[in-house]
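The structure under discussion appears below in the form of structure tokens.
The values are calculated or read from the model by the stated rules, or taken from the named source; none is laboratory data. Treat the numbers as computed from the prediction; the structure is a model and nothing was measured. Ligands, DNA and RNA are stripped out before the accessible areas are found, and what is left, the full protein with its side chains, is counted by its heavy atoms. Shrake-Rupley method; radii C 1.70, N 1.55, O 1.52, S 1.80 Å.
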Amino acid sequence: MNPTTAPGAAVRDLRQWLTQLSATGRVAVIRENVALKHRLAAIAKCLDGRQAAFFPKPDGHAIPIISGFMSRRAWIAEAMGVPQSGLLEAYRRAADNPLPCQEVPGGEAACQQVVHHEIDLHGLLPIPTHSEHDNGPYITAGMVIARNPVTGIQNVSINRIQVHAKDRMAILMLPRHLFAFYQAAEANNTPLSVAIVIGADPLTLLASQAITPIDHDELEIAGALQGAPLRVVKCMTSDVRVPANAEIVIEGRLLPKVREPEGPFGEFPKYYSAKENREVIQVDLITHRKSPIFHTIVPAEMEHLLLGSIPREATLLAHLQRSFPGVKDVHLSIGGVGRYHLHVKFEKRREGEPKNVILCAFGAHYDIKQVTVVDVDVDVHDPQQVEWAVATRFQADRDLIVISGAQGSVLDPSTTIGKETPDGGPPPMHMQGISAKMGLDATKPVSYHEHVFTKVRVPGEDEVDLSKEILTDVTIDWSSVTQT
Ligand code: MN
């Protein structure tokens with residue numbers, strides 16, 4: 001049974017989703033006592049894209065771990081209650097129509113059923129060490145929620161968090177909304193209250209990755225994705241609001257003017273980020289459900305890539321369609337780590353248009369490094385078809401655009417070449433991520449002679465039902481070529 005495309009109601013709770021996955025054979029229950037260092041991630045990685053992995057008592061720890069419950073595009077569509085073909089449109093509709101959250105009293109919030117004032121992160125939580133050169137245990141599926149110190153509006157993001165002491169953690173903040181809040185607080189020499197939510201439902205995790213302007217609360221997009229306001233509760237030590245049905249909440253403060261070493265850490269491009277001094281969270285309180293579940297994302301695997309790529313695709317599609325109604329679909333390829341390589345399906349009316357589409361896409365998100373525009377007879381989700389279009393409709397001296405020295409992804413190691421400090425370290429922040437952009441127009445001409453650019457097909461090939469054509473209960477005697 002595999003009801004992965006049946007549209008239905010949106011999933012509103014992690015346990016509801018795990019029940020649904022488990023009932024259809026999509027959760028592997030792993031033996032007890034799997035080592036938190038490397039072994040757990042290795043097993044989850046082997047199951048990536050096939051089954052979520054559930055680890056009872058990892059290293060003997062009372063709290064179990066789940067990983068990989070959003071590791072297929074079809075599963076994410078199923079959680080949203082839409083067919084896969086409508087995934088981006090449904091996400092975009094939610095992002096455009098956020099629903100204000102519904103606040104509930106602390107007594108009604110599952111995430112505050114158990115409260116720990118005495119903080120020992122390693123003792124209280126099972127925190128895995130994932131990749132070979134990672135500098136210790138990391139929280140990889142923690143939604144970091146903070147309030148803008150000026151406007152009070154919340155922001156949600158997923159940041160990598162290194163747990164390096166029993167009550168202290170170092171965090172990577174890219175120059176986005178959370179970092180802007182932190183800079184505003186630090187300028188006044190005040191800490192920024194944050195909550196780290198672990199074990200959120202799939203659609204709230206997906207909402208956290210929306211590409212929105214600052215002061216658009218991603219939790220309101222979660223409500224829109226779920227079709228009802230998200231229930232939130234006020235933290236016990238701050239004004240931050242967190243999803244009431246989360247599994248685990250770490251309450252703390254980002255300290256002003258404190259930096260401690262963080263990294264190396266294996267990131268989504270499948271390379272390590274270098275050790276650098278980063279901002280620090282002082283942990284004040286941990287709350288959780290009775291019998292909570294800890295969620296870990298194995299870096300660079302499908303759950304990680306899809307969580308980032310689907311919200312980006314939805315935003316890019318909307319952005320491109322504003323100027324180019326001929327854009328029919330977009331896809332951030334998995335080989336391009338779900339961030340760097342964009343495929344665009346485009347109904348071309350006039351020569352030259354694909355190059356305008358390419359330029360528009362580069363302006364839409366700095367991570368995009370390569371754009372390939374193809375015709376509507378090419379499936380942008382099939383890398384083999386996209387390569388076929390490049391192989392047969394593209395000439396590099398005519399159809400290629402290269403732009404030098406633009407801002408790209410700071411996590412792309414090829415951007416660092418030649419910019420290292422004299423001791424071989426990474427360049428300063430403002431010099432990181434400088435990248436070339438490449439655009440490929442792999443569309444066929446608007447008009448062409450006879451069948452030069454007509455894709456070969458056999459009439460009726462799409463309508464064949466093999467179960468009606470193949471005989472199953474006959475054998476051929478090949479010496480006489482007769483049926484027996
Ligand atoms: Mn934001």
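Per residue, how much accessible surface does the stretch 87-294 expose to a 1.4 Å probe? Answer in Å², no decimals. Please report the intermediate quantities before stating the final value.
Details: 7520 Å² over 208 residues.
Computed with neighbouring chains in place, this is 36 Å² per residue.
Note the full-extension length gain between SER447 and GLN483 as 0.36 nm times their separation in residues minus their Cα-Cα distance, in nm to one decimal. Show your work: numbers first, answer last.
Numbers: separation 36, 0.36 × 36 = 12.96 nm, distance 5.12 nm.
Roughly 7.8 nm would be gained on extension.
So for the chain: antiparallel DSSP bridges make up what percent, rounded to the nearest 5? Please list the in-between numbers first.
Details: 61 of 78 bridges.
That works out to approximately 80 percent antiparallel.
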Cα to Cα, under 24 Å, and not fewer than 8 places away if on the same chain: which lysines meet these conditions relative to LYS444? LYS328, LYS345, LYS348, LYS355, LYS369, LYS455
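In the stretch 87-294, what percent of the accessible surface is made up of carbon and sulfur (1.4 Å probe, ligands and nucleic acids excluded)? Can you show the working numbers first?
Working: 3740 of 7520 Å².
Using a 1.4 Å probe with all protein chains present, the stretch 87-294 comes out at 50 percent carbon and sulfur.
May I ask you to give the solvent-accessible area per residue for the stretch 324-442, in square angstrom, as obtained with a 1.4 angstrom probe? Let's see the in-between values first.
Numbers: 5570 Å² over 119 residues.
Solvent-accessible surface per residue comes out at 47 Å².
Expressed as a whole percent, how much of the Cα-Cα distance distribution for the stretch 324-442 exceeds 16 Å?
Values: 4279 of 7021 pairs.
Of the Cα pairs, 61 percent sit more than 16 Å apart.
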Reachable lysines from LYS290, criterion Cα separation under 24 angstrom, eight or more residues apart if same chain: LYS57, LYS166, LYS234
For the chain, what does -39500 (n - 2.57) per DSSP helix run (n ≥ 4), summed and divided by total residues, give at 222 nm, in deg cm²/dmol to the nearest 500? -7000 deg cm²/dmol
Leaving out ligands, DNA and RNA, what percent of the accessible area of the stretch 324-442 is carbon and sulfur, probe 1.4 Å? 55 percent
Sequence neighbours fewer than 8 away in the same chain don't count; with that in mind, list the lysines whose C-alpha is under 19 Å from LYS468. none
